[in-house]
1. Evaluate the following for ILE63: is it over 18 Å from TYR14 (Cβ atoms), surrounded by 16 or more Cβ atoms within 10 Å (Cβ to Cβ) and of a type in the set (Val, Ile, Thr)?
2. Quick one: GLY78 ticks every box in (1) over 20 Å from GLU135 (Cα atoms); (2) touching a helix residue (DSSP H, G or I) at 6+ places or on another chain (Cβ under 7 Å); (3) surrounded by 13 or more Cβ atoms within 10 Å (Cβ to Cβ); (4) of a type outside the set (Ser, Thr, Tyr) except a single one, so which number is it?
3. Within 14 Å of the chain's Cα centre (by Cα), within 23 Å of ASN6 (Cα to Cα) and either away from the ligand (no atom under 16 Å from the Cβ) or not charged (D, E, K, R) (or both): is that true of HIS122 in this structure?
4. Residues that are among the aliphatic types (A, V, I, L, M) and touching a strand residue (DSSP E or B) at 6+ places or on another chain (Cβ under 9 Å): list the strands (runs of 3 or more DSSP E) wholly contained in region 73-162 that include at least 1 such residues.
5. Quick one: count up the residues across region 140-158 that are under 16 Å from GLU91 (Cα atoms), away from the ligand (no atom under 16 Å from the Cβ) and among the aliphatic types (A, V, I, L, M).
6. Would you pick out the residues in region 78-100 that are at pLDDT 95 or above and more than 13 Å from the ligand (Cβ to nearest atom)?
7. Might you check whether a residue that is without any contact (Cβ under 8 Å) to a residue 60 or more places away in the chain and touching a Lys or Arg at 6+ places or on another chain (Cβ under 8 Å) occurs anywhere in region 133-146?
8. Test ARG96 against the stated conditions and say whether it is surrounded by 16 or more Cβ atoms within 10 Å (Cβ to Cβ) and within 15 Å of LEU42 (Cα to Cα).
Amino acid sequence: MMQVDNIFEMPGAYVLLMELSAIYSDDIGALGNVKLSAGYYLYFGSARGKGGMAARVRRHLKINKKRYWHVDWMTLAGSVKKVMLVPGGVECELRRKASALSGLTVPILGFGSSDCNQCPAHLLGVKGNGLTTLEELRLAVTGHSYSVSSFFSTTAAQPSTV
Ligand SMILES: [Zn+2]
């Protein structure tokens, strides 16, 4: 069995299940003024750099950061509830597989997909609290789901320096 830490550090694709607890409206970069209803959303991304998927996910989870990607506005306005990692995965393939599931919507054309010519958006609205859909997607793509807190726990390999 693969060690969790190894998966975290691998390159691949990830899905953030996010909640907006209230209607959100803001000017988001080149998208202009956007409005999102309260509810749950799935964001699809890829990380190929140093530190792998976990490094990117930790950036998404930071509550203090400069807004750069469209999703930065979302992660600052709402909260990440769950994270799925797909080692070696590609965000657009994940998004395409997700579109076979029911109940997903495209709230804002082009959100998160400025550099992509295959997806209507990398942010999808999801029904209910999104957990059922995320689990269906996890089974379809052989992903791994994690709580947000797993990205903050210290690794077993590092002795703690109190
Ligand atoms: Zn795409």
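The values are calculated or read from the model by the stated rules, or taken from the named source; none is laboratory data. Only a predicted model underlies this, so the values are computations on that prediction, with no experimental measurement involved. Cβ atoms come from the backbone with ideal geometry, glycine included; neighbour counts cover every protein chain shown.
1. In short, no.
2. It fails just one condition, (2).
3. No, not satisfied.
4. Those strands (runs of 3 or more DSSP E) span 79-87, 123-126.
5. Here the count works out to 1.
6. Scanning region 78-100 gives GLY78, SER79, VAL80, LYS81, LYS82, VAL83, MET84, LEU85, VAL86, PRO87, GLY88.
7. yes
8. In short, no.
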